[in-house]
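**Student:** If you scroll down you'll find the structure; I have some questions about it.
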Amino acid sequence: MSRFAWVVNTAWMARCRPEWRRFLEATRGVAEAQRTVLRETLVRNRDTEFGRQHRFEAIRCPDEYRERVPPGSAAAVAAAVERIARGERAVLTAEPVLNLQPTSGSTQGEKLIPGTRSLRREYQRAVAAWIGNLYWERPAVRDGRAYWSVSPALGPRRRSSAGLPIGFEDDTVYLGLAERWLARAVLATPPGLSRQFDVPHFRYATLLHLLAARDLSLVSVWSPTFLSALLDLLLQEAPALIRDIHDGTNAAATGSMWRRPDHDRAKEIEDLVARGASSTAICRTLWPHLALVSCWMDGPSRLFAERLRSQCGGIEFQAKGLMATEGCVTFPVVGAAGCALAIRSHFLEFLPAGDSSRSVLAHELDVGGRYDVLITTGGGLYRYPLGDTIEIVGRLNDCPLARFVGRGDLTSDLVGEKLHDSFVQECIARCLRECGVRATYAALAPVAGGDAARPATEADRRHYRFLVEVAADAGCTALAETLDRHLRANVHYGYARDLGQLGPIELTRLPGPPGTAWAAYERAAGPERLLGGLKPRAIVSGQGFGMSRG
């Protein structure tokens, strides 16, 4: 145990515990907690252009808010952000906009979300409640240093025409000032790392620092694919990593400062690699104090989380909540059936699956129900549709607990079948289980059929291609037929298949090695995507596994 790390982490926990207690109190009065959040947001922004337009000063309750303010849209926010970027004030918020944050995982161009002090405080409430609960319930995570995923800044820093920063330095901006200092004091990687390298160099240097952190006790990343890629890199670049740790150098950046040489650590890694130790053995030997890994584990990330679990062995995993650039919808709670709604952060509404006529509020959600999320934040988003679908899986006192299902706004529609990403993801999961196939990547790609030079024939009519990355000896003969059967639960897909509008599913095996398909998917997403924050999709395009739309 690192005494310094324990003291710092315990101090951080002490800072966060009061917010956890306030959240617990709020779970006994969810409706009132949400009314308070909405009232504060409306009062603060009633003199903005948007507030005057919708008469915020006259709104007294959530029902009146829903009557006066129509659901928002990405297009409307984009138009307002364009004006904010030019320097206009009080468009959406009375507070000054501090920065414009690009959304990660966007599939068509870049969306910018206004950042204000209120939005940060709202986010910080959820993060503080999470840390206050986690560090209290799992004291082992306080025993050493932590790795918090901090994505690299690719390319020069940008500003809008009026000088507003686009993006922020690192993910610790979601913490308060004191909490930010405490977190940085026990980081396994230096804060400046994200400003020094391109993606390959960033990954190499990150792994180098993690290998040097014998006392690593907590890893928090967004996508499990990010950590899996680092563990894969360990074996691919073992000779260079061993040499750098032995010599105190860094092959990723000539002339850059590193740490003192560590001959014992280099020998330890060399011995593990030489005897062909499994990734589980490597992970448990190199980081014996690693107590918990936090990452996305639901929806399309489930498959990748399972692979990461197998790489890490018996280390405890905690599903990260639905934390988007736009705001925090849920955060994890130790031992709970799902993630808790962030009822003290933003005002949340929910559209029942199949019925978008009227939203329901947090205290009206039914266990077992699926809902699309609308969010109102201190950053100037009003009834904004996130495009995310959640399922309610339980309650903490009166507060609903949820799991992320998938993107509700991602649909493939070749001939009218309208396959939603979340539905396809669940069909793929059932198919793999039923066939007993362990895949490290699986997705469905629509194929339009034909090409520009000739008309489509019966042989190349519109259909879907099932992309599966598996071991070379995996038995996959029944995968296409099994997936087709599960997809037929969508009646429109079944009709299209029976009428011959859609051809049979084409199985494309991707033999790996594990992680190859994801790397191609990541490259296809483009260099501007937030590294480590790219969201997996069940529906992808056929070109390099890029995403279909979003």
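The values are calculated or read from the model by the stated rules, or taken from the named source; none is laboratory data. None of the values given here were measured: they were computed from a predicted structure. Because the Cβ atoms are built from the backbone with ideal geometry, glycine has one as well, and the counts that use them run over all protein chains shown. Surface areas here come from the heavy atoms of the whole protein model, side chains and all, with no ligands, DNA or RNA. Shrake-Rupley method; radii C 1.70, N 1.55, O 1.52, S 1.80 Å.
**Student:** Mind grabbing the base-10 log of I(q)/I(0) for region 272-362 at q = 0.18 Å⁻¹? Debye formula, identical points on the C-alpha positions, no solvent, two decimal places.
**Tutor:** Here log10 of I(q) over I(0) equals -0.91.
**Student:** Now, a different point. Which entry is the computed P(r) over Cα pairs in 20 Å bins from 0, in percent for this structure: [x] 20, 53, 25, 1; [y] 21, 51, 24, 4, 0; [z] 21, 45, 26, 8, 0?
**Tutor:** Answer label, from the structure shown: [x].
**Student:** Still on this structure: How large is the helix-only mean residue ellipticity at 222 nm for the chain, computed as the sum of -39500 (n - 2.57) over DSSP H runs with n ≥ 4, divided by its residue count, in deg cm²/dmol to the nearest 500?
**Tutor:** -11500 deg cm²/dmol
**Student:** What does the charge count near R17 come to, summing +1 for each Lys or Arg and -1 for each Asp or Glu among other residues with Cβ under 15 Å from its Cβ?
**Tutor:** Cβ neighbours under 15 Å give a net charge of +3.
**Student:** Still on this model: Just the number, please: carbon plus sulfur as a percent of the accessible area of region 205-325, 1.4 Å probe, no ligands or DNA/RNA counted.
**Tutor:** Result for region 205-325: 51 percent of the exposed heavy-atom area is carbon or sulfur.
**Student:** Now for a different question. Please name which of A58, V470, G380 has its Cα lying farthest along the dipole of the chain towards the positive end, using unit charges on Cβ (Lys, Arg +1; Asp, Glu -1) and the Cα centre as origin.
**Tutor:** A58
**Student:** Pull up the cross-link candidates among the aspartates and glutamates for K535, meaning alpha carbon to alpha carbon under 13 Å and not fewer than 8 places away within one chain.
**Tutor:** Candidates past the 8-residue exclusion: D298, D388, D421, E522.
**Student:** Under 13 Å from a label point 7 Å along Cα→Cβ of E316: give me every residue in region 330-346 with its amide N that close.
**Tutor:** 333-336
**Student:** What is the Rg over Rh value, at two decimals, for region 1-46, using alpha-carbon atoms and the Kirkwood definition of Rh?
**Tutor:** The Rg/Rh ratio comes out at 1.27.
**Student:** Using the heavy atoms of the protein chains alone and a 1.4 angstrom probe, what is the accessible area of the chain per residue in square angstrom? Working shown, then result.
**Tutor:** Values: 23100 Å² over 550 residues.
Accessible area per residue: 42 Å².
**Student:** Next question. Of the heavy-atom accessible surface of region 71-148 (probe 1.4 angstrom), what whole percent is carbon and sulfur?
**Tutor:** Its accessible area is 52 percent carbon and sulfur atoms.
**Student:** How big is the Rg/Rh ratio for region 30-118, C-alpha atoms only, Rh by Kirkwood, two decimals?
**Tutor:** 0.99
**Student:** Using only alpha carbon pairs under 8 Å that are at least six residues apart, calculate the relative contact order of the chain and give it in whole percent. Walk me through the intermediate numbers first.
**Tutor:** Values: 1076 pairs, mean separation 83.1, N = 550.
Averaging sequence separation for qualifying contacts and normalising by length gives 15 percent for the chain.
**Student:** First select every other residue whose beta carbon is under 11 angstrom from the beta carbon of H289; then total the charges, Lys and Arg +1, Asp and Glu -1.
**Tutor:** Around H289, the surrounding residues sum to +2.
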